[in-house]
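Let me begin by presenting the structure, written as structure tokens, before commenting on it.
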Amino acid sequence: MAKQKKLSPKYQSWIDARTRFHLSDMHIQMARELGMNPKKFGKVANHKQEPWKEPLPDFIESLYRKRFKRDRPENVRSVERMVKEKERKQAKRKARKQQEQDRQ
């Protein structure tokens, strides 16, 4: 098994919530865009004890639909993919800055 790079707690909490509450990448992205806190999902997700509550994925979808007036995000990306893209952008920016300093 390959050794995985440790992610920052900011992103790791989203990955943990995805596995704990059986959410898809789409639901995680919706929740992030809504500004939800993954550590508080347990309060919202207890629909088995309180039958009047919606299941967490349905609840996130209804909030997203209400706020953004569409059913799903335009392009769905996983948390891991977002982190890789962010690191790639930072490395590119750092290389560009280094080239500018070398010219001077």
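For this structure, a couple of remarks:
- On the principal axes of its alpha carbon atoms, the chain extends 66, 38, 21 Å, with the longest extent given first.
- The trypsin sites (Lys or Arg not before Pro) of the range 3-36 that DSSP puts in a loop, and whose beta carbon has at most 15 other beta carbons within 10 Å, are Lys3, Lys5, Lys6.
- Near-label residues of the range 84-104 by backbone N, under 19 Å of a point 7 Å along Cα→Cβ of Tyr11: 84-95
- Estimated 222 nm signal from helices in the chain, with DSSP H stretches of n ≥ 4 weighted -39500 (n - 2.57), rounded to 500: -19500 deg cm²/dmol
- Full-extension gain in nm, Glu50 to Asp102, via 0.36 nm per residue minus C-alpha separation: 12.4 nm
- Over 32 Å apart at the Cα level, from the set Lys43/Lys94; Lys40/Lys69; Lys6/Lys94; Lys48/Lys84; Lys6/Lys92; Lys10/Lys92, are Lys43/Lys94; Lys48/Lys84.
Here, each number is a calculation from the coordinates, and none is a lab measurement. Everything numeric in this text was worked out from a predicted model, so none of it was measured. Cβ sites come from the backbone with ideal geometry, for glycine too, and all protein chains shown count toward neighbours.
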